[in-house]
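The values are calculated or read from the model by the stated rules, or taken from the named source; none is laboratory data. Just so it is clear, the model here is predicted, and its values are computed rather than measured. Positions of Cβ are backbone-derived with ideal geometry, glycine not excepted, and every protein chain shown enters the neighbour counts. Each accessible area value is taken on the protein alone, full model and side chains, heavy atoms only, with ligands, DNA and RNA left out. Shrake-Rupley method; radii C 1.70, N 1.55, O 1.52, S 1.80 Å.
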Amino acid sequence: MAQTTPNSSKRLILFGILFVVLTIAGLYSVYGQFAGREVRFDTRLVQPWVLLALAALLTVYYVSDALRLGYTLQALGHRLPFRKLLSLVFINLFFSNITPMATGGGFAQIWFLQREGIPIGHATAATTMRTLLAVAFIFSLTPVALIALPMFNGDWLPGNLAIALALFIAGYLGFFTVVIFRTRWLIAPLSRLLHCLHRWHLLSDQRHQRWQYKARREMLRFAQAFGEYWSGSHRAVFLSVFFTAVFLLSLFSFPALLLLALDYSVNYLTTLALLLITTFIMYFSPTPGASGISEGVFGHFFRNLVSGPHLLLVTLAWRLLTIYLGMLIGLIIFRRTLARELLTERPKGNVP
């Protein structure tokens, strides 16, 4: 990433534009389909107590996100200053929301962790473990939320679909269980994939041999790192799980606080369950950062809880607080880091 090429810069710009366009489309769909083409700003959202409460919740949201990665690294025997962990939070928010299927955030964090002297196997295991802990919470609780919420009873979730959803979740969690506990089982399929790419002349002989060696080496390091995580400090493992739960709880609490500020009487657990299901759907959205889809799903789920003039306002405020603000900070941090890298790598003779 430090050696950012023109092509990679162009891709980031294109993904950024796509994110903005899809976000606008998603907000417009909420405005046109669920909000009755009404929107009204409500000054109750900028009351001092509301702003203080939102600032406190944002603090918990960002700090717990940093600590869940920090304690995962501690379980692997590494420590990073809190300031750098917090920077990684914003870097992840930026890249994971402008790349399809949120693929960029983890790679960006791995690059930053390597810059801090953490081996790639441990960096990959830490970022993967942080994600898998959140996935385990979300995927295991989503079926409970679907069953508990009255709005999802009846024809919305017929028996066959419910069975298919349960099997899908079980398969998804099963795959990640293999990734965590039986990583070596993945070496053979990965090796066969590289053989196929070589047979189809997509990889040269030299690159095929090099990739085979690197793939096996990194998978073994990855497996070893996961073993070190589970056998590491019990306190660090417990706190990584604990702060993952705190992070998700704070993330899912923003709509409840916004509705409280607007004097809506909505059950807190209902809003948590709706955000849990919304986040579950976002995991499978092919658009950058689930842009467009997340806004539409949120508007669809909350249309019966929030009046038309407030629905678009709450949707926009939810995304602004949880995503847009963090992305902007992440972009600033990334540009500053990249500028420092370029200055460091610039030959002394070129310094003006």
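Looking across 256, 245, one residue alone is surrounded by fewer than 22 Cβ atoms within 10 Å (Cβ to Cβ) and within 24 Å of residue 94 (Cα to Cα). It is 245.
In this structure, residue 87 does satisfy being part of a helix (DSSP H, G or I), farther than 18 Å from residue 238 by Cα, at pLDDT 90 or above and open to solvent by 10 Å² or more (accessible area, probe 1.4 Å).
Of all residues in the range 311-324, those satisfying the criterion of being touching a residue at least 40 places away in the same chain (Cβ under 8 Å) and not small (Gly, Ala, Ser) are 311, 312, 313, 314, 315, 316, 318, 319, 321, 322, 323.
Are any of the residues in the range 231-239 touching a residue at least 60 places away in the same chain (Cβ under 8 Å), of a type in the set (Gly, Ala, Ser) and open to solvent by 50 Å² or more (accessible area, probe 1.4 Å)? Scanning the range 231-239 turns up at least one residue that is touching a residue at least 60 places away in the same chain (Cβ under 8 Å), of a type in the set (Gly, Ala, Ser) and open to solvent by 50 Å² or more (accessible area, probe 1.4 Å). Listed by first and then second residue, the pairs linking a residue in the range 292-310 that is modelled with pLDDT of 90 or more and surrounded by 22 or more Cβ atoms within 10 Å (Cβ to Cβ) to a residue that is outside any helix (DSSP H, G or I) and among the polar types (S, T, N, Q), with Cβ atoms under 8 Å apart and 6 or more places separating them unless they lie on different chains, are 294/285.
Could you list all residues from the range 132-172 that are outside any helix (DSSP H, G or I) and at pLDDT below 70? Explain how you work it out, then say what you get.
Restricting attention to the range 132-172, the residues satisfying the condition of being outside any helix (DSSP H, G or I) are 149, 153, 157-158.
Once the filter is applied, which keeps residues that are outside any helix (DSSP H, G or I) and at pLDDT below 70, the range 132-172 yields 153, 157, 158.
Counting only residues that are at pLDDT 80 or above and open to solvent by 80 Å² or more (accessible area, probe 1.4 Å), the range 192-210 holds 10 of them. Screening the candidates 80, 54, 14 for the property of being in a loop (DSSP other than H, G, I, E, B), under 25 Å from the mean Cα position of the chain (by Cα) and either closer than 24 Å to residue 248 by Cβ or free of Cβ contacts under 8 Å to residues at least 40 places away in the same chain (or both) yields one hit, 80. If we scan the range 327-339, do we find a residue that is hydroxyl-bearing (Ser, Thr, Tyr), within 17 Å of the chain's Cα centre (by Cα) and either at pLDDT 90 or above or open to solvent by less than 30 Å² (accessible area, probe 1.4 Å) (or both)? Checking the range 327-339: not a single residue is hydroxyl-bearing (Ser, Thr, Tyr), within 17 Å of the chain's Cα centre (by Cα) and either at pLDDT 90 or above or open to solvent by less than 30 Å² (accessible area, probe 1.4 Å) (or both). Residue 225 falls short on exactly one of the conditions (1) within 23 Å of the chain's Cα centre (by Cα); (2) modelled with pLDDT of 75 or more, and that condition is (2). Does residue 271 satisfy the condition of being under 13 Å from the mean Cα position of the chain (by Cα) and not in a loop (DSSP other than H, G, I, E, B)? When the stated conditions are applied, residue 271 does not pass them.
Against the numbered list (1) open to solvent by less than 70 Å² (accessible area, probe 1.4 Å); (2) part of a loop (DSSP other than H, G, I, E, B), residue 31 comes up short only at (2).
Could you tell me whether residue 36 is of a type in the set (Gly, Ala, Ser), touching a residue at least 12 places away in the same chain (Cβ under 8 Å) and open to solvent by less than 30 Å² (accessible area, probe 1.4 Å)? Against the criterion (of a type in the set (Gly, Ala, Ser), touching a residue at least 12 places away in the same chain (Cβ under 8 Å) and open to solvent by less than 30 Å² (accessible area, probe 1.4 Å)), residue 36 does not qualify.
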